[in-house]
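Every number here is computed from the coordinates shown, using simple stated rules; none is lab data. Computed from a prediction, not measured in an experiment: that's the story for all the values here. Note that we place each Cβ from the backbone using ideal geometry, even for glycine, and neighbour counts take in every protein chain shown.
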Amino acid sequence: MNKNPSISVLLLTISCVACSDGGKADRTMQSASAASQATNANNANTNSASAPPTTQSLPSTEPLSDPKTVIAYQFELLKAGETEKLKVCFTEWLRERITTEQVEKGKSMAARYTLDDLVASIETGESDGKKTAKIKMKNGRTLTMLIETDGRWLADTIWFK
């Protein structure tokens, strides 16, 4: 049993993407599994009583580097009710607006959707010198706009309100 929640979320996210990428996720899953085993081995060699567990804002493998993976990661955080971790996935000016109440409301909404419902297509572009990715839902509506900031795709709207 993996006791590191960050790695568990990462592995779950990779599993979500596996159905739609033609095998690329299999290679990614193998890499993530190897990283997980290395982390577990490292944790086994560390005296757990010597230091309290730390809170990581992101797993060691960056989940915000690809638009579809970003939505998959946010979707899993939403379903888990992880307000603070979700905030990291949004542009700076939105972070303080994301509340526990919104996340709880979004959590009930998330139960009615699949990742494929949320991400049917991605339209890439550029605005103000930054790469953008408009995420379109299966029903044709725009879910959110992602903006690449420092190599990470951040949502520019709170899509789960």
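For a quick protection proxy, order the peptides 97-109, 81-93 by their average other-Cβ count within 10 Å, most packed first. Write down the numbers at each step before the final one.
Working: 97-109: 14.4, 81-93: 17.1.
So the peptides 97-109, 81-93, ranked by packing, come out 81-93, 97-109.
If you stretched the chain out fully between E96 and S65, how much longer would it get, using 0.36 nm times the residue separation minus the C-alpha to C-alpha distance?
Length difference between fully extended and current span is 8.9 nm.
Per residue of the stretch 136-152, what does 6.51 cos²θ - 1.76 cosθ + 1.60 with θ = phi - 60° give for ³J(HN,Hα)? Whole Hz please, x for Gly and Pro, Karplus curve as stated.
Each residue of the stretch 136-152 in turn: 9, 7, 4, 7, x, 7, 7, 7, 6, 10, 9, 10, 6, 10, 6, x, 10 Hz.
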